[in-house]
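Student: Okay, handing you the structure first.
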Amino acid sequence: MKTSLSIFILVVCWCKISMAQTAGDLLERGIKINSDKKVFFYYNQNQFKVYIGKSLSDRSNPPSFIPVKDSTVYMIQDNGVNLYMKPVNPLNYSYNSVSTLILDQVRNDATSALGAIADILGSVMKPPTAITDDKIKKIGWSLAVPSQKKEEQTFKICDAFAKLEAEIKNIKGALETDKKAEITDIFKDLKALDFISEQETKDSIKSAEYKIHDIEVHFSDIMKQIVNTRTKVKNYECLYPEPFTTKYIFNDILDKLTLAHNEQKKRLDNLKNVYKLVKTAQQTASKGGDTPGLEWCFALENAVPDNKISVYTLSLKESGFKLSDGQEIIASETKDKIKKTLRFREFNRFIPEVYAGTAFTFIKYNTYGTTTDAAGQQFIGTPTENRLRNFNVVTMINFNYFIEKSDLHPFFQIGAGINTGIPALLTGAGVRINSNGLKRIAISGGIAMTWVKELDKLKVGDKVAGTDDIEKDLKYQFTWPPKPYIALQYKF
């Protein structure tokens, strides 16, 4: 019998035990994820939504996103699960995912409970510089009029000087064609992208690319003019206005125009930076999981429980870029927008849940005493028959059969306890109720296998020195047949 009992306990221990924070979390809010399914998240209307499916283009199961609940436990059939998120505009949001492994407390409790049962049975066994017309005129007049006036002589400005002056005015005029409004409009269009439709997002980004190219050509042409004009200034050799002063003044003007050009081009550079962010996000989302059906989503960190619980935190922040009061592109202040914590664990069909309580059974057992004859000799007297009806169960483990979104979960159970020195092993089956009003109530029944103390070598009528002789001779013996029991359990 001891061998059979050991084998039974060993089989139970070898069963794959599946756990979450509590067994109730799994049974009441667990969602099974088949090995061919993936988890997709979507930020919409100020909340995270989730869809579990093979892909986003599965015609047999079109994506249907539902709000994510913090209490949900996702149960994975495979070693891990791939997670994805539909794209968000990086000019408005940033996201992050972190997976942390923690001890599966219920698994630990169930293991401890099995150990307790074995023990019981073991007892049996910056801005640009402005270039004004006044400055240009001042420069021209200062070059045209010599420092010492000679009333008798008239000086003629050479053609090279006039051409340089004209080119300076052209550069200034080009810089006055302000591209700020165009840059602002392009930024607004990029920031307004909702990233819902892949094709619409691509088309909008392509349109922005063309507009940005036109602005790049504008600033590139101005810089070419500045460079060409500097070369002409360097090669200036007219006698009047004299070269040294002319070169110094024109180079100073070109320095200021270059500064104005660079300051204005900073807006374009800022626009190109945010454009690259949006373009990279689009390309990453289009690539998706490198598999047909996984396009237009971001790959997140995978959840790999590894016999533990993966606490998965998905967070979204308001961040990116915005327009300042002066309509300049600046970084936005980062603010927490939404955070969800989910749990992932391995899927197993039977979910163990540990209880303690009372089982109602009918156990008979004998107690032995002595009788004394006239000479004072003590003998083992006729035993007294006792009945045990309420049996306190020290540990009971229910292995609940998981049925997703069900109000009822059938289970088989094993438990043990000791009452008035009588150890018992209880095995049976029952049902766990999850419906409103009766949530977490379990009703079960089965057989109680008990071991009671009986005389080993002595027998009724044998001479003894006292009750100590009886106690020393008593040995645990398995009682046959096993007795039926019923149990009512409630989990707080």
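Student: Being among the charged types (D, E, K, R), surrounded by fewer than 13 Cβ atoms within 10 Å (Cβ to Cβ) and in a helix (DSSP H, G or I) is the filter here; which residues of segment 170-184 pass it?
Tutor: Glu176
Student: Give the residues of segment 71-91 that are under 18 Å from Arg29 (Cβ atoms) and assigned to a loop (DSSP other than H, G, I, E, B), sorted by residue number.
Tutor: Within segment 71-91, Ser71, Thr72, Gln77 meet the criteria.
Student: Run down Ala130, Ala162, Ala118 and say which single residue is modelled with pLDDT under 85 and either among the basic types (Lys, Arg) or surrounded by fewer than 14 Cβ atoms within 10 Å (Cβ to Cβ) (or both). Give the derivation first.
Tutor: Working: Ala162 fails: modelled with pLDDT under 85; Ala118 fails: either among the basic types (Lys, Arg) or surrounded by fewer than 14 Cβ atoms within 10 Å (Cβ to Cβ) (or both).
Step by step, each of Ala130, Ala162, Ala118 is checked, and only Ala130 is modelled with pLDDT under 85 and either among the basic types (Lys, Arg) or surrounded by fewer than 14 Cβ atoms within 10 Å (Cβ to Cβ) (or both).
Student: Can you find, within segment 441-481, the residue that is surrounded by the most Cβ atoms within 10 Å (Cβ to Cβ) among those that are polar (S, T, N, Q) and over 14 Å from Asn366 (Cα atoms)?
Tutor: Taking segment 441-481 as the starting set, the residues that turn out to be polar (S, T, N, Q) are 444, 450, 467, 477, 479.
Still in the running and over 14 Å from Asn366 (Cα atoms): 444, 467.
Values: Ser444: 24, Thr467: 13.
Only one residue tops the list, namely Ser444.
Listed here are the residues, each with its yes/no results for (1) touching a Pro at 6+ places or on another chain (Cβ under 8 Å); (2) surrounded by 15 or more Cβ atoms within 10 Å (Cβ to Cβ); (3) among the acidic types (Asp, Glu).
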| position | (1), (2), (3) |
| --- | --- |
| Lys206 | no, no, no |
| Glu209 | no, no, yes |
| Val217 | no, no, no |
| Asp221 | no, no, yes |
| Lys232 | no, no, no |
| Glu237 | yes, no, yes |
| Tyr248 | no, no, no |
| Leu257 | no, yes, no |
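Student: Follow-up question, since we're still on this one. Identify, please: which residue in segment 428-440 is at pLDDT 85 or above and closer than 15 Å to Val354 by Cα and is, among those, surrounded by the fewest Cβ atoms within 10 Å (Cβ to Cβ)?
Tutor: For segment 428-440, the residue satisfying everything is Ala429.
Student: Within segment 236-255, is there a residue that is over 30 Å from Asn44 (Cα atoms), acidic (Asp, Glu) and assigned to a loop (DSSP other than H, G, I, E, B)?
Tutor: Yes, that holds for at least one residue.
Student: Something else now. Considering only residues of segment 45-93 that are closer than 30 Å to Tyr275 by Cα and of a type in the set (S, T, N, Q), which is farthest from the chain's Cα centre (by Cα)?
Tutor: Ser57
Student: Among residues belonging to segment 308-331 that are assigned to a loop (DSSP other than H, G, I, E, B) and buried (at least 16 other Cβ atoms within 10 Å of the Cβ), point out the one that is farthest from the chain's Cα centre (by Cα). Before the answer, list the steps.
Tutor: At the first step, the residues of segment 308-331 found to be assigned to a loop (DSSP other than H, G, I, E, B) are 308, 319-320, 324-328.
Filter once more, so that each one left must be buried (at least 16 other Cβ atoms within 10 Å of the Cβ): 308, 319-320, 328.
Working: Lys308: 16, Ser319: 19, Gly320: 21, Glu328: 35 Å.
Among those residues, the one meeting the criterion is Glu328.
Student: When the residues of segment 367-378 are filtered to those that are surrounded by 14 or more Cβ atoms within 10 Å (Cβ to Cβ) and part of a strand (DSSP E or B), which remaining residue is farthest from the chain's Cα centre (by Cα)? Walk me through it before giving the result.
Tutor: First pass over segment 367-378, keeping only residues surrounded by 14 or more Cβ atoms within 10 Å (Cβ to Cβ): 367-368, 370, 378.
If we keep only those that are part of a strand (DSSP E or B) too, we end up with 367, 370, 378.
Details: Thr367: 62, Thr370: 71, Gln378: 76 Å.
This residue is Gln378.
The values are calculated or read from the model by the stated rules, or taken from the named source; none is laboratory data. In this text, all values refer to a predicted model and were calculated from it rather than measured experimentally. Because the Cβ atoms are built from the backbone with ideal geometry, glycine has one as well, and the counts that use them run over all protein chains shown.
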